[in-house]
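K.L.:
Before we start, here is the structure in question, set down as structure tokens.
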Amino acid sequence: MDTSEQGKLLPFYVVIDVSYSMSGVKLDTANQIMPAVLDAVAKAPILADKVRFSVIDFSDDARVRLPLCDILDDGVQLPSLTLRGGTSFVSAFRLLRTEIESNVKQLKADGFLVHRPAVFFISDGVPTDQDSAWQSAFADLTTFDKVSRTGFSMYPNFVPFGVDDADPRTLQQLIHPTGGGKPMRMFLQSKDSDAAAAIAGMAEVLISSVLASGESMTRGDSGIILPSGDDLPPGLSSYTADDDFV
Amino acid sequence: MAVPRVALGTLGPLLGSGGQAKVYAVPSVRLPDVAGPLVFKHYRPGQEPPAGLHALVLRRLRMDLPTRDRLDVRTAWPVRTVQDGGAVCGVLMPLIPDDYFHTRYLPSGAADRSLCEFQHLFVDPERARRLGMPVPGRKARLALCRDFAGVMHLLHTNNFVIGDINAKNAVFRLNAGPSVRLVDCDAIRIRGDAAVLAQLNAPDWDPPERTLSQSTDLYKFGLLVLRTLCPGNGASLYRDPDHVRGVLDGRGYRLLADAIGASPRRRPTARDWGLYFTELLGAGAPTTRAARISAPVVTTSGWVRDPTTRQWVQAGSDGQT
Ligand SMILES: Nc1ncnc2c1ncn2[C@@H]1O[C@H](COP(=O)(O)OP(=O)(O)OP(=O)(O)O)[C@@H](O)[C@H]1O
């Protein structure tokens with residue numbers, strides 16, 4: 001029995017590409033993600049004792065648009081996303097690392113236990129950075145060696161979502177972890193679907209993960225649970241790190 | 001006592017859906033032993049609870065009429081199993097009356113009608129009010145606890161183990177006298193029978209003992225009382241009886257400390273709790289009136305998006321709509 005009253009929080013980071021290619025209905029749909037999450041938590045409000053949310057957008061630079069928070073707090077203002085510039089994965093990964101590090105420290109200092117954070121990363125294009133640059137920024141964010149304790153101990157579970165021109169092979173490299181007890185997955189816009197439907201589907205995957213975390217989060221569990229294949233919303237297909245693309 | 005799926009005819013509207021099932025109105029179906037309208041809970045493939053449902057149905061049919069009627073108004077009991085091709089695919093249950101549902105606007109402005117689950121009582125009252133949920137005062141909360149103790153007494157004296165008492169499996173209404181219904185009764189077990197499906201603990205409701213029994217019901221009820229009477233951020237995780245000091249008197253504190261203590265034998269029974277709450281509320285006190293006075297049910301229209309700034313604003317505040 002767990003008799004402590006200390007909550008164990010699961011931080012969700014929603015990271016959204018706001019490069020110019022995301023214009024129109026894609027951006028509009030992306031702007032509906034957090035309101036949908038907020039509604040879902042308002043319907044199951046004790047979830048607020050378990051989850052925290054942050055929104056980061058990125059283009060040539062990355063910005064924290066919603067600092068990690070209890071989404072039902074009175075003061076919360078959901079950001080509205082606007083477009084600017086290119087698609088720098090590097091900027092997103094670097095900002096994520098500094099945010100996660102300081103947020104987790106803060107939550108712990110406030111007396112909470114913290115599950116490994118979850119990142120939902122959505123992009124519709126290829127990175128404008130050099131491959132080696134984003135790969136090394138991603139390694140900085142996700143690599144940790146348990147034995148030598150080098151790297152980033154608070155590394156997140158990373159779940160990439162791709163729509164339109166996103167390159168499956170690039171996004172596939174962002175699935176983390178790829179093995180172990182709970183491998184993460186990647187979600188792509190289905191071939192017969194459109195980007196807006198896929199982004200709406202991403203909101204559903206996020207919400208179902210949030211709800212599942214309230215149902216089954218127990219000690220020792222790493223937190224995030226992704227919907228299984230049968231429960232995928234329309235518009236999305238799910239892939240593991242080993243799937244091939246032909 | 002199984003009803004063939006085809007006998008239900010055309011289903012009425014979908015009333016709701018959850019992880020386990022979809023629930024439909026069946027306006028054309030009536031049963032001689034059930035007073036009101038019925039619903040059909042259709043399990044999702046692979047989610048059907050095993051054979052034990054029959055036993056719950058039969059046990060109800062063998063009750064004397066007054067007991068059965070009380071069961072029907074205090075729980076969403078499975079009154080018949082429904083079979084499709086020889087296998088159980090769902091159950092018929094009494095329709096939960098309208099006043100256990102609450103209609104409000106969600107933060108996005110979308111209209112929502114959903115069951116008043118106990119979880120809403122654990123939320124900080126200021127927050128619950130902002131989210132458009134009913135916010136009962138102390139007296140109404142005590143009355144809800146008393147009524148829950150009454151439901152539990154009914155089930156325990158009829159040899160049932162509720163098993164999975166949690167933030168969603170009980171719903172409440174505040175008009176017509178604060179009262180409680182147990183929903184999702186398919187996991188209830190008959191004492192002395194083996195568990196038909198492993199009885200589970202919801203997260204944050206696990207008792208000290210591994211095996212679920214009427215004693216663990218009493219433990220979980222203690223948690224429910226604690227969290228209902230001491231709402232606030234983090235309350236859904238509370239385990240410490242000290243929160244209730246200042247809300248209950250010394251006797252209530254001791255009852256609660258025993259209820260959520262490690263020793264199953266010391267836990268107050270449903271009847272102990274019922275007597276205590278009745279005394280606290282004043283014998284025969286008109287709890288509806290008390291609730292109305294201490295707890296105006298406030299509803300806000302939630303949040304709307306400002307068309308120019310695209311920020312979320314509270315509807316109706318500062319003259320904004
Ligand atoms: N007896 C009833 N009368 C009216 N509506 C009901 C009844 N039972 C269930 N519902 C509606 O159907 C919805 C789903 O029902 P329920 O929660 O029992 O399904 P479930 O699949 O077991 O849920 P969960 O996802 O919690 O396992 C409820 O939220 C409610 O709106």
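The values are calculated or read from the model by the stated rules, or taken from the named source; none is laboratory data. Nothing here was measured: the structure is a model prediction, and the numbers come from that model. In this analysis, Cβ positions are derived from the backbone assuming ideal geometry, glycine residues included, and neighbour counts consider all displayed protein chains. To get the accessible areas, we keep the full protein, side chains included, count just its heavy atoms, and leave off ligands, DNA and RNA. Shrake-Rupley method; radii C 1.70, N 1.55, O 1.52, S 1.80 Å.
K.L.:
Would you kindly derive the ³J(HN,Hα) couplings of the range A:202-209 from the backbone phi angles with the Karplus curve 6.51 cos²θ - 1.76 cosθ + 1.60 (θ = phi - 60°), listing them in order in whole Hz, with x for Gly and Pro?
P.N.:
4, 4, 5, 4, 4, 5, 5, 5
K.L.:
Let me spell out the model: positive unit charges on the Cβ of Lys and Arg, negative unit charges on the Cβ of Asp and Glu, origin at the Cα centre of the range A:1-70. What dipole size does that give, in debye rounded to 20?
P.N.:
Roughly 80 debye for the range A:1-70.
K.L.:
Could you sort B:GLU48, A:GLU204 by accessible area so the largest value comes first, with the probe set to 1.4 Å?
P.N.:
Output order, biggest surface exposure first: A:GLU204, B:GLU48.
K.L.:
Which of A:SER21, A:SER148, A:SER88 moves most in a GNM of chain A, Cα contacts under 10 Å?
P.N.:
A:SER148
K.L.:
Within chain A, which is the longest segment containing none of the trypsin sites (Lys or Arg not before Pro) that sit in a DSSP loop and have at most 10 other Cβ atoms within 10 Å?
P.N.:
Answer - A:1-145.
K.L.:
Expressed as a whole number of Å, what is the distance separating the alpha-carbon centroids of the range A:111-141 and the range B:33-82?
P.N.:
Cα centroid of the range B:33-82 versus Cα centroid of the range A:111-141: 51 Å apart.
K.L.:
Now a separate question. Per the Kirkwood definition applied to all pairs of different Cα atoms, how many angstroms is the hydrodynamic radius of chain B?
P.N.:
Kirkwood radius, chain B: 20.9 Å.
K.L.:
Compare the Cα positions of A:ALA92, A:TYR20, A:GLN172 along the charge dipole of chain A (+1 at Cβ of Lys, Arg; -1 at Cβ of Asp, Glu; about the Cα centre) and return the one farthest towards the positive end.
P.N.:
Working it through, the farthest residue towards the positive pole turns out to be A:ALA92.
K.L.:
Still on this structure, please answer the following. Calculate one ³J(HN,Hα) per residue across the range A:116-132 by plugging θ = phi - 60° into the Karplus curve 6.51 cos²θ - 1.76 cosθ + 1.60, and present them in order as whole Hz with x for glycine and proline.
P.N.:
4, x, 10, 10, 9, 10, 10, 9, 10, x, 8, x, 8, 7, 4, 3, 4
K.L.:
Please get the size of the charge dipole for chain B, origin at its Cα centre, with Cβ charges of +1 on Lys and Arg and -1 on Asp and Glu, quoted in debye to the nearest 20.
P.N.:
In total the dipole reaches around 300 debye.
K.L.:
How large is the translational diffusion coefficient of the protein assembly as shown in µm² per second when you combine the Kirkwood radius over alpha carbon pairs with Stokes-Einstein at 10 °C and 1.306 mPa s?
P.N.:
62 µm²/s
K.L.:
Where does each of B:TYR100, B:TYR238 land when they are ordered by accessible area, with a 1.4 Å probe and the largest first?
P.N.:
Solvent-accessible surface, decreasing: B:TYR238, B:TYR100.
K.L.:
Now a separate question. How crowded by other chains is A:69-78, given as the mean number of beta carbons from other chains within 10 Å of each beta carbon?
P.N.:
Mean shielding by partner chains, rounded to a whole number: 3.
K.L.:
Once each part is reduced to its C-alpha centroid, what is the distance from the range B:257-281 to the range A:1-65 in angstrom?
P.N.:
If we compute the Cα centre of each part, the gap is 42 Å.
K.L.:
Another question, if that's okay. If each residue of separation counts as 0.36 nm, what is the full-extension length gain between A:SER132 and A:LYS191 once their alpha-carbon separation is subtracted?
P.N.:
Difference between extended and current length: 18.3 nm.
K.L.:
Next question. Using modelled amide H (1.01 Å from N, peptide plane; none on Pro or chain starts), what sits under 5 Å from the amide H of B:LEU15, excluding residues fewer than 5 places away?
P.N.:
Excluding prolines and chain starts, which carry no amide H, the hits are B:VAL23, B:TYR24, B:ALA25.
K.L.:
Along the charge dipole of chain B, Cβ charges K/R +1 and D/E -1, which of B:LEU38, B:PRO66, B:PRO49 sits furthest on the positive end?
P.N.:
The one lying farthest along the dipole's positive direction is B:PRO66.
K.L.:
Each residue of the range A:10-26 in order: what ³J(HN,Hα) in whole Hz does its phi give by Karplus 6.51 cos²θ - 1.76 cosθ + 1.60, θ = phi - 60°, with x for Gly and Pro?
P.N.:
Rounded to whole hertz, the list is 10, x, 9, 10, 9, 10, 10, 5, 10, 5, 4, 5, 7, 5, x, 5, 5.
K.L.:
Let me ask another. Can you list residues whose amide H is under 5 Å from A:LEU10's amide H, if they're 5+ apart or on another chain and H is modeled 1.01 Å from N?
P.N.:
A:VAL51, A:ARG52, A:HIS115
K.L.:
Rounded to the nearest 500 deg cm²/dmol, what is the calculated helix-only ellipticity per residue at 222 nm for chain A, with -39500 (n - 2.57) per DSSP H run of length n ≥ 4?
P.N.:
When only DSSP H runs of four or more count, the value is -10000 deg cm²/dmol.
K.L.:
Quick check: residue separation of B:GLN47 and B:ARG254 times 0.36 nm, minus the Cα distance between them. What number comes out in nm?
P.N.:
Answer, rounded to one decimal: 70.4 nm.
K.L.:
Let me ask you something else. One quarter of the convex hull surface, Cα atoms only: what value does that give for the range B:217-276 in nm²?
P.N.:
If I average the Cα hull's projected area over directions, I get 3.8 nm².
K.L.:
Sum -39500 (n - 2.57) across every DSSP H segment of at least 4 residues in chain B, then divide by the residue count to get the 222 nm mean residue ellipticity, nearest 500.
P.N.:
-9000 deg cm²/dmol
K.L.:
With springs only between Cα atoms under 10 Å, which of B:ARG181, B:ARG227, B:ARG239 fluctuates most in a Gaussian network model of chain B?
P.N.:
Of the options given, B:ARG239 has the highest mean-square fluctuation.
K.L.:
A further question follows. Let me spell out the model: positive unit charges on the Cβ of Lys and Arg, negative unit charges on the Cβ of Asp and Glu, origin at the Cα centre of the protein assembly as shown. What dipole size does that give, in debye rounded to 20?
P.N.:
2440 debye
K.L.:
Can you give me the long-range amide H partners of B:ASN158? Hydrogens built in the peptide plane at 1.01 Å from N, cutoff under 5 Å, separation of 5 or more residues or another chain.
P.N.:
Long-range HN contacts for B:ASN158: none found.
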